[in-house]
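The values are calculated or read from the model by the stated rules, or taken from the named source; none is laboratory data. This is a predicted model, so every value here is computed, not measured. Cβ sites come from the backbone with ideal geometry, for glycine too, and all protein chains shown count toward neighbours.
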Amino acid sequence: MKRVLILCDVFPPAFGPRMGFLCKYLPLYGWEATVVAENTSDEYTAPFPPRFVETRWVNFYPQCPQWLRNIRWLLTFAADVLVGYKDLKMYHEVKKVCRAQHFDALLCSTFRSFPLVAASRIAQQYNLPMIADLRDILEQCPQEKGEYTEHKLKMPPLIRQAVLKSFRKMHLRRRNKALRQAAAVTTVSPWHVETLSRYNHRTELIYNGYDPELFYPQTIPSRRFLITYTGRLLSTAVNNPALLMQALRKLTDEGFLTPERCRVQWYVDEASRRVVEQEASKEGVEVYMDINSFVPAAEVPRLLNGSSVLLLLTNLSSDSGTHGIMTTKFFEYLAVGKPILCVRSDEDCLAAALKEAQAGLAASTLEEVCDFLKQQYALWQDKGQTSVTVPPCILQRYSRKEQAERFSLLLEEVSL
């Protein structure tokens, strides 16, 4: 059995499904993993304990009173920008792991640049072929919105924009240098492949996906027409529910929908709750909203299977907007065989994948949303549930198990 060292910014039980499920299935293809990741306090609870993989946690934020936590974060942020503090600390922790055992390859999965710099140094020092896995990249979000920062920077607008510009430039410089040194790069959408190929010609597409042991169709009739969303809303620049709210208003005015028969279920964090409440109030449809906290990930398949329509919130892909975002929930939605409503259509990778899967609608107009909801509502009234049939070849492509095999083959190639 070969061994791969995985460095990542997050890992279960924090939100890190891509690497979590990869570690679950890699042993089937002859690879065992050791993971080094940042210790986070993410609210997400993984659907499985990471007991099947050796994990070492790196803590960048020592315990302190609540009133000091913003200062603690700001100091760490400043040290990271100025001297690459997080990568430096990660590098020294990983060296301890490498002294203790042999590895055949290194895989680094990240959202920004951390811990790519540490991974690149380790790969060179220990002569390990490195695969850089980019789940998200800075270019996919509007630069002026700062959607890629961990905290909202509270400062005067002009100063904030200057900080964000410097922050972006620093991370891109660090990331691109590491990408050029990687044996291969993997990423999550065709748009991401096109963008990252500028820095490493061997950039391959491995989508996010779903775990076939957790997500599959189940028959759960519902007494109400349920529209369900699970996850976060970063902002309306990235996740825009406006068309849904407008459709609810229009269908209510027409007498087609009522709050007694139709509910919109949200399973979100507190910041997302505020976005939902604000957007619903614009159209006066707050009465339809059932806003809940996150649920344990193991409960999500049941929620999805008991729904009538599954909601994806995106925005138009453009030079000034978002690009190439294909959220994990899209693949989990496909796996349970429920109709998907994507608003606002990105008119790009996600819309194309949804159309190929014949699993729902990526809507660009209010009329499209209203017609789709009327159609699905009629099916629900007739049968007590809704469903779609996704071609098996497409579902297999998005299976985490299948994707682990693709990662294993790439690891074999670079480690020869």
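Figures for the structure shown
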item	result
Residues (surrounded by fewer than 17 Cβ atoms within 10 Å (Cβ to Cβ) and either in contact with a Phe, Trp or Tyr (Cβ under 8 Å, 6 or more places away or on another chain) or under 14 Å from GLN125 (Cβ atoms) (or both)) located in region 77-87	ALA79, VAL81
Answer residue from region 223-242, given it is surrounded by fewer than 19 Cβ atoms within 10 Å (Cβ to Cβ) and not basic (Lys, Arg) and is farthest from HIS323 (Cα to Cα) among those	ALA242
Residue among VAL300, VAL238, VAL276, VAL264 that alone is under 20 Å from PHE372 (Cα atoms) and within 22 Å of the chain's Cα centre (by Cα)	VAL264
Lone unmet requirement of (1) surrounded by fewer than 22 Cβ atoms within 10 Å (Cβ to Cβ); (2) farther than 22 Å from GLU213 by Cβ; (3) touching a Pro at 6+ places or on another chain (Cβ under 8 Å); (4) touching a residue at least 40 places away in the same chain (Cβ under 8 Å) for THR328	(2)
All positions within region 371-388 that are of a type in the set (Gly, Ala, Ser) and under 15 Å from VAL336 (Cβ atoms)	SER387
Residue tally, condition surrounded by fewer than 17 Cβ atoms within 10 Å (Cβ to Cβ) and not in a loop (DSSP other than H, G, I, E, B), over region 362-372	3
Positions within region 177-189 being closer than 12 Å to GLN140 by Cα and either surrounded by fewer than 21 Cβ atoms within 10 Å (Cβ to Cβ) or out of contact with any Cys (no Cβ under 8 Å at 6 or more places or on another chain) (or both), in sequence order	VAL188
Test: VAL390 is assigned to a loop (DSSP other than H, G, I, E, B) and either in the same structural domain as ILE6 (by TED's automatic domain parsing) or closer than 19 Å to THR228 by Cβ (or both)	yes
Members of region 95-121 that are touching a Phe, Trp or Tyr at 6+ places or on another chain (Cβ under 9 Å) and among the aliphatic types (A, V, I, L, M)	VAL97, ALA105, LEU106, LEU107, VAL117, ALA118, ALA119
